[in-house]
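S.K.: The structure follows.
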Amino acid sequence: MPLAAGIDVGGTKFLGVVVDDDGSVVAETRRPTPQGGDAIVAQLADVVSELVAGTDDVATVGVGLPGLITRAGAIVASPNLPGVIDLDVASRVGALLGRAVSAGNDATCATLAEWRVGAGRGIDDLVMVTLGTGIGGGAVTGGRLLVGAHGFAGEFGHMVVDPDGPPCPCGRRGCWERYASGSGIAHLARIAAIGRRMEAVVERGGGDAHDVRGEHVHAAARDGDAGALAVVDEFARWVALGLTNLTNAFDPTVFVLGGGLASGADLYLEPITRWFGELLYAPDLRTPPTLTFAELGERAGAIGAALLGRDAGR
Ligand SMILES: [Zn+2]
């Protein structure tokens with residue numbers, strides 16, 4: 001099978017890869033993300049040209065983009081790319097290159113990659129949740145990647161879990177990602193620190209409760225600090241709450257958990273599993289989904305973009 005190029009457009013960097021038949025990465029390149037839609041389109045064309053020039057036989061091109069992305073590969077809105085709205089990425093990059101280009105949501109691409117060549121290989125019903133600065137996700141149901149009528153399926157981070165909760169960049173309140181993401185654990189940690197329930201963690205963060213971040217909590221929890229372990233437990237409860245809602249919606253066999261918080265897998269797996277067992281509908285009468293961690297790391301979006309282009313044959 002010919003090689004496939006994929007580029008993941010993030011808020012801070014572009015990550016481009018070329019993958020072979022097995023989805024193994026045979027070439028890779030990175031660039032900082034430029035400002036503005038025109039610059040993003042131009043740099044995408046540049047990165048594809050570089051990837052194509054470096055290897056023979058790249059047959060297809062796919063792009064993963066943050067935000068609401070139409071099935072035709074256009075950005076409708078993208079909070080991580082300031083000022084970029086209504087940008088027809090696939091057709092503009094395709095016109096510059098003189099070849100067809102596919103584009104889709106980055107978390108949907110990551111789900112495709114983990115399903116085909118990562119932690120979800122061979123599983124027909126899975127839900128992926130990426131716990132990073134925000135929460136992204138995607139689902140495979142009955143052996144098909146869920147895209148939605150408009151391309152917008154999988155925005156799990158903006159499921160509202162408390163309508164009176166803290167404001168979210170999406171313009172609403174109490175979204176799941178305000179609690180169960182990297183910024184969510186920092187928020188929970190600051191509340192505990194200000195309430196003087198986490199003195200040792202505050203010291204690690206330099207002495208000011210407002211500077212406490214997720215990594216300070218992780219380090220203190222690994223040392224057995226009771227205040228930090230309580231925050232980990234509270235965080236795990238919020239993660240499990242969202243996974244319970246997703247189980248009710250999708251009935252998956254497996255959850256694949258990815259994003260930056262997967263690096264705290266040793267801390268989170270036990271409390272998330274315990275809370276999940278308590279919150280799940282009819283836990284004693286069903287086989288609960290298995291919780292696994294993603295395998296492809298930060299390359300999942302780019303590999304998935306390449307697979308998206310290959311699936312579309314362009
Ligand atoms: Zn939101």
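The values are calculated or read from the model by the stated rules, or taken from the named source; none is laboratory data. Keep in mind that this is a model prediction, so the values were computed, not measured. Methodologically, a virtual Cβ is constructed for each residue, glycine included, from the backbone with ideal geometry; neighbour enumeration extends over all protein chains shown. Areas reflect the complete protein model, heavy atoms only, side chains present, ligands, DNA and RNA absent. Shrake-Rupley method; radii C 1.70, N 1.55, O 1.52, S 1.80 Å.
S.K.: Give the residues of the stretch 8-44 that are of a type in the set (Val, Ile, Thr) and either modelled with pLDDT under 95 or out of contact with any Leu (no Cβ under 6 Å at 6 or more places or on another chain) (or both), sorted by residue number.
M.R.: Matches in the stretch 8-44: Thr12, Val17, Val19, Val25, Val26, Thr29, Thr33, Ile40, Val41.
S.K.: Restricted to the stretch 171-194, and to residues that are among the basic types (Lys, Arg) and within 11 Å of the ligand (Cβ to nearest atom), which residue is farthest from Trp238 (Cα to Cα)?
M.R.: Applying the filter and picking the extreme gives Arg172.
S.K.: Condition check: within 11 Å of the ligand (Cβ to nearest atom), over 28 Å from Ala300 (Cα atoms) and open to solvent by 60 Å² or more (accessible area, probe 1.4 Å). Does Arg197 satisfy that?
M.R.: It is false that Arg197 is within 11 Å of the ligand (Cβ to nearest atom), over 28 Å from Ala300 (Cα atoms) and open to solvent by 60 Å² or more (accessible area, probe 1.4 Å).
S.K.: Does Ala240 qualify as being at pLDDT 90 or above, crowded, with 21+ Cβ neighbours inside 10 Å and part of a helix (DSSP H, G or I)?
M.R.: So Ala240 passes the test.
S.K.: Any idea which residue in the stretch 261-300 is modelled with the lowest pLDDT, counting only those that are of a type in the set (Gly, Ala, Ser) and open to solvent by 50 Å² or more (accessible area, probe 1.4 Å)?
M.R.: Ser263
S.K.: Continuing with this model, one more query. Does the stretch 210-228 contain at least one residue that is in a loop (DSSP other than H, G, I, E, B), more than 16 Å from the ligand (Cβ to nearest atom), open to solvent by less than 60 Å² (accessible area, probe 1.4 Å) and under 29 Å from Thr111 (Cα atoms)?
M.R.: No, every residue in the stretch 210-228 fails to be in a loop (DSSP other than H, G, I, E, B), more than 16 Å from the ligand (Cβ to nearest atom), open to solvent by less than 60 Å² (accessible area, probe 1.4 Å) and under 29 Å from Thr111 (Cα atoms).
S.K.: Report, ordered by the first and then the second residue, all pairs with beta carbons closer than 7 Å, sequence separation of six or more or different chains, a first member in the stretch 142-170 that is touching a residue at least 24 places away in the same chain (Cβ under 8 Å), and a second member that is away from the ligand (no atom under 16 Å from the Cβ) and open to solvent by 70 Å² or more (accessible area, probe 1.4 Å).
M.R.: Val147/Arg71; His150/Arg71; Gly151/Arg71
S.K.: Which of the residues belonging to the stretch 156-170 are open to solvent by 30 Å² or more (accessible area, probe 1.4 Å) and within 7 Å of the ligand (Cβ to nearest atom)?
M.R.: Those that are open to solvent by 30 Å² or more (accessible area, probe 1.4 Å) and within 7 Å of the ligand (Cβ to nearest atom): His158, Pro169, Cys170.
S.K.: With respect to the numbered conditions (1) within 16 Å of the ligand (Cβ to nearest atom); (2) open to solvent by less than 20 Å² (accessible area, probe 1.4 Å); (3) over 30 Å from Gly73 (Cα atoms); (4) not basic (Lys, Arg), which one is the sole condition not fulfilled by Val232?
M.R.: (1)
S.K.: Within the stretch 174-185, does at least one residue satisfy the condition of being part of a loop (DSSP other than H, G, I, E, B) and surrounded by fewer than 24 Cβ atoms within 10 Å (Cβ to Cβ)?
M.R.: Yes, there is a match, as at least one residue in the stretch 174-185 is part of a loop (DSSP other than H, G, I, E, B) and surrounded by fewer than 24 Cβ atoms within 10 Å (Cβ to Cβ).
S.K.: Which numbered condition trips up Ala77, out of (1) more than 16 Å from Gly309 (Cα to Cα); (2) touching a residue at least 12 places away in the same chain (Cβ under 8 Å)?
M.R.: Here Ala77 meets the rest and fails (2).
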